[in-house]
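The values are calculated or read from the model by the stated rules, or taken from the named source; none is laboratory data. Predicted model only: the values in this text are computed from it and were never measured. Neighbour counts are summed over all protein chains in view; Cβ atoms, including those assigned to glycine, are modelled from backbone coordinates with ideal geometry. For accessibility, only protein heavy atoms count, side chains too; no ligands or nucleic acids. Shrake-Rupley method; radii C 1.70, N 1.55, O 1.52, S 1.80 Å.
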Amino acid sequence: QVQLVESGGGLVQAGGSLRLSCAASGSIFSANIMAWYRQAPGKQRELVAAMTSGGNTNYADSVKGRFTISRDNAKNAVYLQMGSLKPEDTAVYYCNLRIRLSNYWGQGTQVTVSS
């Protein structure tokens with residue numbers, strides 16, 4: 001059983017920064033992809049950033065240059081450093097772990113950016 005626990009969300013003013021953390025536990029195969037998704041009210045869940053266990057990254061165009069994903073493979077943890085936050089970044093942010101054909105999700109953490 002794989003579990004993901006996120007932390008670090010909150011309320012921040014536009015232009016501010018936040019760091020999200022996600023720790024995975026359970027049977028985790030070393031080759032995997034860890035990612036952050038977000039879902040705003042009335043919108044579909046979208047990929048924010050992803051990182052393979054080998055270090056390759058992928059970002060949504062809307063966050064390039066502002067957000068940085070990183071991970072600690074020894075701890076099975078992934079982080080999202082968010083800077084220059086905008087009101088449109090407001091959403092519930094979900095941690096995702098993909099191992100082969102299996103997808104695992106965290107419970108989500110709310111990020112609210114005030115203007």
Exercise. Residues with beta-carbon under 15 Å from that of residue 82, excluding residue 82: net charge, scoring Lys, Arg +1 and Asp, Glu -1?
Worked result: +1
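Quick check: at a probe of 1.4 Å, how many percent of the accessible area of region 1-85 sits on carbon and sulfur atoms?
47 percent
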Exercise. Considering every pair of different Cα atoms, what Kirkwood radius, in Å, is found for the chain?
Worked result: 14.0 Å
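Highest mean first, what order results for 94-101, 7-14 on Cβ atoms within 10 Å?
94-101, 7-14
Write down the accessible area per residue of the chain in Å², having rolled a 1.4 Å probe over the full set of protein chains.
For the chain, the per-residue accessible area is 54 Å².
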Problem set entry | region 41-87 - convex hull of the alpha-carbon atoms, volume per residue in Å³ | 95 Å³
Problem set entry | For region 48-115, alpha-carbon Rg over 2.2 N^0.38 Å | 1.17
For this session: Hand me the trypsin sites (Lys or Arg not before Pro) from region 17-53 located in a DSSP loop with no more than 12 other Cβ atoms within 10 Å, in residue order please.
Result: 43
Problem set entry | Estimated inter-spin distance, residue 101 and residue 46, nm [label 7 Å along Cα→Cβ] | 3.0 nm
Seminar exercise, completed: Diffing region 70-85: the Karplus 3J(HN,Hα) column from phi (6.51, -1.76, 1.60, θ = phi - 60°), in whole Hz with x for Gly and Pro, holds 8, 8, 10, 5, 5, 9, 6, 10, 9, 10, 9, 8, 10, x, 6, 5
For this session: With a cut-off of 12 Å, note down the residues of region 79-108 whose backbone N falls inside the zone around a label point 7 Å from the Cα of residue 61 toward its beta carbon.
Result: none
Seminar exercise, completed: Net charge near residue 13 (other residues with Cβ under 13 Å of its Cβ; Lys, Arg +1; Asp, Glu -1) is 0
